[in-house]
1. Given H placed on each backbone N at 1.01 Å, which residues far from VAL87 in sequence or on other chains put an amide H within less than 5 Å of it?
2. Along the charge dipole of segment 1-103, which of SER13, SER37, GLN74 sits closest to the positive end, that is, farthest toward it, with unit charges on the beta carbon of Lys, Arg, Asp and Glu (+1, +1, -1, -1)?
3. Taking θ as phi - 60°, what are the ³J(HN,Hα) couplings along segment 62-69 by the Karplus curve (6.51, -1.76, 1.60), each to the nearest whole Hz, with x for Gly and Pro?
4. In debye, nearest 20, what is the charge dipole magnitude of the chain about its Cα centre with +1 on Lys and Arg Cβ and -1 on Asp and Glu Cβ, if you could check?
5. Restricting to DSSP H runs of at least four residues, report the calculated mean residue ellipticity at 222 nm for the chain, -39500 (n - 2.57) per run over all residues, nearest 500 deg cm²/dmol.
6. If you scale each eigenvalue of the Cα gyration tensor by 5 and take the root, what three semi-axes come out for the chain, rounded to whole angstrom and sorted largest first?
7. Over 24 Å between Cα atoms: which of LYS119/LYS149; LYS35/LYS136; LYS76/LYS137; LYS10/LYS143; LYS35/LYS137; LYS76/LYS102 fall into that group?
8. Defining a contact as two alpha carbons under 8 Å apart and six or more residues distant in sequence, what relative contact order in percent does the chain show?
Amino acid sequence: MSRRAKFVNKEVSPDPKYGSPVVARFINKIMYKGKKSTAQGIVYDAFDRINKQMKTEPLSIFEQAMKNATPALQVKSRRVGGATYQVPIEVSPERGEFLATKWIITYARDRGGRSMAEKLAAELMDAAQGQGNSIKKKQDTHKMAEANKAFAHYRW
């Protein structure tokens with residue numbers, strides 16, 4: 001049993017424009033060096049670009065992208081009798097949201113040469129449509145868990 005204290009998730013106040021705590025956490029993950037207004041500008045500009053291109057509510061596209069990129073399973077290393085096994089475990093909703101956010105932002109940053117708002121908008125639209133690198137990462141995670149389901153009995 002762990003000797004560390006249990007981590008208590010802090011409540012994040014909702015973002016000012018859409019009133020969504022998920023968007024507020026997304027903005028916080030984009031933020032570099034405490035520059036929250038810059039991160040808000042990037043996210044809101046990306047939402048405006050989504051609104052122009054898809055002619056739909058950007059918050060619904062964002063929620064669909066997050067839902068599509070959220071994994072249900074992942075693998076965790078377990079050491080049993082001198083061997084290390086990749087054991088598939090279910091992902092909690094908080095962890096799933098964190099992974100989806102991280103993957104979307106990482107792959108948006110990896111996209112080529114335009115502004116961050118354009119890259120983020122493109123990644124969110126791709127994820128909402130079930131394509132893009134963040135969706136591929138989710139599928140790879142699920143494949144890894146599926147391939148190692150023989151070790152599921154090592155879960156504890």
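1. Residues meeting the criterion, in which the H sits 1.01 Å from N, are LYS76, SER77, ARG78.
2. GLN74
3. Coupling constants for segment 62-69: 4, 5, 5, 5, 5, 5, 5, 8 Hz.
4. For this selection, approximately 700 debye.
5. My calculation for the chain gives -18000 deg cm²/dmol from helical runs alone.
6. Equivalent-ellipsoid dimensions as semi-axes: 32, 19, 13 Å.
7. Correct reply: LYS119/LYS149; LYS35/LYS136; LYS10/LYS143; LYS35/LYS137.
8. Relative contact order comes out at 24 percent.
Read-outs throughout are calculated quantities, based only on the coordinates presented, and are distinct from any laboratory measurement. What you see is a predicted model; the values in this text were computed from it and never measured. We place every Cβ from the backbone using ideal geometry, glycine too, and count neighbours over all the protein chains shown.
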